[in-house]
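This report concerns only the one structure given below.
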Amino acid sequence: MKYAVIDIGTNTTRLLVRDDQTPKQDVLRKVSITRLGNGLEKTGVLNEESMSTTRSCVQGYVQDAVELGVEKSNIKIFATAARK
């Protein structure tokens, strides 16, 4: 069975796909610079452009995972806390 994890960070969004048949090998690993926290220190809020960029990236990563045979229920998405 294949699994995917999407990690949304302050500056990057990452995808990792693994197969339990080959647990020590990545099926796919991607990193995109999405800068979700861009301007957060100054304003204290996430800006629309950064949220849109990150949302599009996550949607693309979900599509990548599904195309590789990962069931949607086996895709986990999480984010770290962005603080100012």
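Here are some notes:
- Spatially proximal lysines relative to Lys42 (Cα-Cα < 30 Å; intrachain offsets below 8 disregarded): Lys30, Lys84
- Given charges at beta-carbon only (K, R positive; D, E negative), |dipole| of the chain in Debye: 280
- For a label point 7 Å along the Cα-to-beta-carbon line of Glu49, residues of the range 1-30 with backbone N under 17 Å: 11-12
- Listed by chain and number, the aspartates and glutamates whose C-alpha is less than 15 Å from the C-alpha of Lys76, apart from same-chain residues fewer than 8 away, are Asp7, Asp19, Asp64.
- The chain, helix-only ellipticity at 222 nm - DSSP H runs n ≥ 4, -39,500 (n - 2.57), divided by all residues, nearest 500: -9000 deg cm²/dmol
- The chain, relative contact order [Cα under 8 Å, separation at least 6], %: 37
- In nm, spacing of pseudo-spin labels at Asp19 and Asp7 (7 Å Cα→C-beta vector): 2.3
- Note: the chain, Cα convex hull, 82 Å³ per residue.
- For the chain, GluC sites (Glu not before Pro) are listed when DSSP marks them as loop and at most 14 other Cβ atoms sit within 10 Å of their Cβ; the list is Glu71.
Values in this text are rule-based calculations from the coordinates and carry no lab data. Since we're looking at a predicted model, the values are computed, not measured. In this analysis, Cβ positions are derived from the backbone assuming ideal geometry, glycine residues included, and neighbour counts consider all displayed protein chains.
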